[in-house]
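Undergrad: Handing you a structure now.
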Amino acid sequence: MDDELKCPVCGQFYFEERDDYDLCPVCGWFNDGFQKEYPDKLGCNHRTLNEHREQWKNGTLPDYIYDLIEQNKDRLPSK
Ligand SMILES: [Zn+2]
């Protein structure tokens, strides 16, 4: 697998393309290449990459993110 495509937040999901704005069904991160390059800037996600990583780790993401994760859980790769 190409590490370039790995979710920069959880590292447990691979996007299909760099920068395709797809949602990671594990952590709710939108695949924004700009934010990946500048982890302290805002973009398609309403929090920075560093903030999202911290909030995901602590379980303090906004509720709508957990809703999105729930709605997308059938996209998780089967083990
Ligand atoms: Zn993720």
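Since every read-out is calculated from the coordinates, none of them should be taken as a lab result. It should be emphasised that the depicted structure is a prediction, and the values quoted were computed from it without experimental measurement. Reconstructed Cβ throughout: ideal geometry from the backbone, glycine too, with neighbour counts over all protein chains shown.
Undergrad: If you go through the range 15-53 one residue at a time, how many are under 18 Å from Lys73 (Cβ atoms) and without any contact (Cβ under 8 Å) to a residue 40 or more places away in the chain?
TA: 7
Undergrad: Of all residues being of a type in the set (D, E, K, R) and part of a loop (DSSP other than H, G, I, E, B) in the range 5-20, which is surrounded by the fewest Cβ atoms within 10 Å (Cβ to Cβ)? Just the residue, please.
TA: Only one residue fits best here, namely Glu16.
Undergrad: For the range 38-79, enumerate the residues that are assigned to a loop (DSSP other than H, G, I, E, B), in contact with a Leu (Cβ under 9 Å, 6 or more places away or on another chain) and among the polar types (S, T, N, Q).
TA: Residues satisfying the conditions are Thr48, Asn72.
Undergrad: Now for a different question. Output yes when any residue across the range 21-34 is assigned to a loop (DSSP other than H, G, I, E, B), surrounded by fewer than 16 Cβ atoms within 10 Å (Cβ to Cβ) and out of contact with any strand residue (DSSP E or B) (no Cβ under 8 Å at 6 or more places or on another chain), and no when none is.
TA: Looking for residues that are assigned to a loop (DSSP other than H, G, I, E, B), surrounded by fewer than 16 Cβ atoms within 10 Å (Cβ to Cβ) and out of contact with any strand residue (DSSP E or B) (no Cβ under 8 Å at 6 or more places or on another chain), one finds none in the range 21-34, hence no.
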